[in-house]
Amino acid sequence: MKIDSSVSAVVTGGASGLGLATVKALRAVGAKVAIFDLNPQAGEAAAAETGALFCQADVLSDESLDVAFAKARAANGQERILVSCAGGGNAKATLRKDRETGAINIFPTADFARVVALNAVGTFATITRFAAGAATLDPVDGERGAIVCTASVAAQDGQMGQAAYAAGKAAISGMTLPIARDLSRFGIRVNTILPGIFGTPLMNGAPQEMRDRLCAMTAFPNRFGEPEEYASLAMELCRNGYMNAQSIRLDAGVRFSAK
């Protein structure tokens, strides 16, 4: 797919981190971009910085997504690109023993379900709405649209306390092939990136000791990935018409230890 001013895109989680870097990469080649994000302050700031359109959106609300897509399409036309970066996690052990009382505490089911839903269900809900619109377009060079999802290397080697996060991200990777098969008849491709440790606002705020420990787990280079490196791969997955149904690690060869 050629990406230029004739192409519209939606980036979820586009107000910061990997999403914002992708918005900037798309805008740099002239694409019209709608930022979907839950945070209105960050979203408006990102839109002002990049010249994109901000649409407040909760990926776990069908109504919110429908309103956001309607706003984006009214301003930019039907999008051909979706980059899904919205997600998040928590750090809770499956079981934890209280050091003072000896009581066994379990990971609350509602907390587990919330993280899985945010990552897997939110990504799926966004894909379905994007695909329903893209399917109405005339093909360009044989295709109507391209989707890039964001999982995590935690989907394959999650650390202690990452059960919910790993499950949600593994679901994104796991549904990539069946969704690509479902959408093949409409000329829509789907690929997923599994980032390793990246310099997002959350990770940049981590204690230096933790940052050093994580960087030591990479093969090379021994550093955090730059959000622009994620954006570069996302752009290539949209451009390369033969890339479909793939889940690709972008991680400097990192393999997480148990903790």
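The values are calculated or read from the model by the stated rules, or taken from the named source; none is laboratory data. Here the structure is a predicted model, which is why all the values come from computation and not from measurement. For neighbour counting, all protein chains shown are included, and Cβ atoms are generated from backbone atoms with ideal geometry for every residue, glycine included.
Of the residues A206, A231, A245, which is buried (at least 17 other Cβ atoms within 10 Å of the Cβ) and of a type in the set (G, A, S)?
Just a single option satisfies the conditions, and that option is A231.
Counting just the residues of region 111-140 that are within 18 Å of N90 (Cα to Cα) and β-branched (V, I, T), which one comes out nearest to the chain's Cα centre (by Cα)?
T123
If I filter region 49-87 down to residues being in contact with a Gly (Cβ under 6 Å, 6 or more places away or on another chain) and aliphatic (A, V, I, L, M), which single residue comes out as surrounded by the fewest Cβ atoms within 10 Å (Cβ to Cβ)?
The residue in question is L60.
Is there a residue in region 141-149 that is in contact (Cβ under 8 Å) with a residue 24 or more places away in the chain, part of a strand (DSSP E or B), among the β-branched types (V, I, T) and buried (at least 21 other Cβ atoms within 10 Å of the Cβ)?
yes
Do we have any residue at all in region 142-154 that's closer than 16 Å to A93 by Cα, at pLDDT 95 or above, of a type in the set (A, V, I, L, M) and within 19 Å of the chain's Cα centre (by Cα)?
Checking region 142-154: at least one residue is closer than 16 Å to A93 by Cα, at pLDDT 95 or above, of a type in the set (A, V, I, L, M) and within 19 Å of the chain's Cα centre (by Cα).
Applying the selection to region 1-39, what residues are crowded, with 24+ Cβ neighbours inside 10 Å, touching a residue at least 40 places away in the same chain (Cβ under 8 Å) and β-branched (V, I, T)?
V10, V11, T12, T22, V33
Within region 248-255, identify whether any single residue is at positive phi, out of contact with any Lys or Arg (no Cβ under 7 Å at 6 or more places or on another chain) and not basic (K, R), and answer yes or no.
There is at least one residue in region 248-255 that is at positive phi, out of contact with any Lys or Arg (no Cβ under 7 Å at 6 or more places or on another chain) and not basic (K, R).
Counting only residues that are of a type in the set (K, R) and not in a strand (DSSP E or B), which one in region 67-106 is nearest to I193 (Cα to Cα)?
For region 67-106, the residue satisfying everything is R80.
How many of the residues making up region 97-125 are modelled with pLDDT of 95 or more and among the charged types (D, E, K, R)?
2
For region 60-80, what are the residues that are farther than 12 Å from R129 by Cβ and among the hydrophobic types (A, V, I, L, M, F, W, C)?
L60, A74, A75
Being under 12 Å from V153 (Cβ atoms) and either in contact with a strand residue (DSSP E or B) (Cβ under 7 Å, 6 or more places away or on another chain) or of a type in the set (A, V, I, L, M) (or both) narrows it down to one residue among L194, L183; which is it?
So the residue among L194, L183 that is under 12 Å from V153 (Cβ atoms) and either in contact with a strand residue (DSSP E or B) (Cβ under 7 Å, 6 or more places away or on another chain) or of a type in the set (A, V, I, L, M) (or both) is L194.
Can you tell me which residue is surrounded by the fewest Cβ atoms within 10 Å (Cβ to Cβ) among those in region 210-228 that are in a helix (DSSP H, G or I) and among the hydrophobic types (A, V, I, L, M, F, W, C)?
M210
Among the numbered conditions (1) in contact (Cβ under 8 Å) with a residue 24 or more places away in the chain; (2) of a type in the set (A, V, I, L, M, F, W, C); (3) crowded, with 19+ Cβ neighbours inside 10 Å; (4) touching a Lys or Arg at 6+ places or on another chain (Cβ under 8 Å), tell me where L118 comes up short.
Of the numbered conditions (1) in contact (Cβ under 8 Å) with a residue 24 or more places away in the chain; (2) of a type in the set (A, V, I, L, M, F, W, C); (3) crowded, with 19+ Cβ neighbours inside 10 Å; (4) touching a Lys or Arg at 6+ places or on another chain (Cβ under 8 Å), the odd one out for L118 is (4).
So how many residues does region 188-203 have that are surrounded by fewer than 17 Cβ atoms within 10 Å (Cβ to Cβ) and either of a type in the set (A, V, I, L, M) or over 25 Å from K24 (Cα atoms) (or both)?
Total meeting the criteria: 2.
Is it the case that some residue within region 160-174 is within 14 Å of the chain's Cα centre (by Cα), basic (K, R) and part of a helix (DSSP H, G or I)?
Yes, region 160-174 has at least one match.
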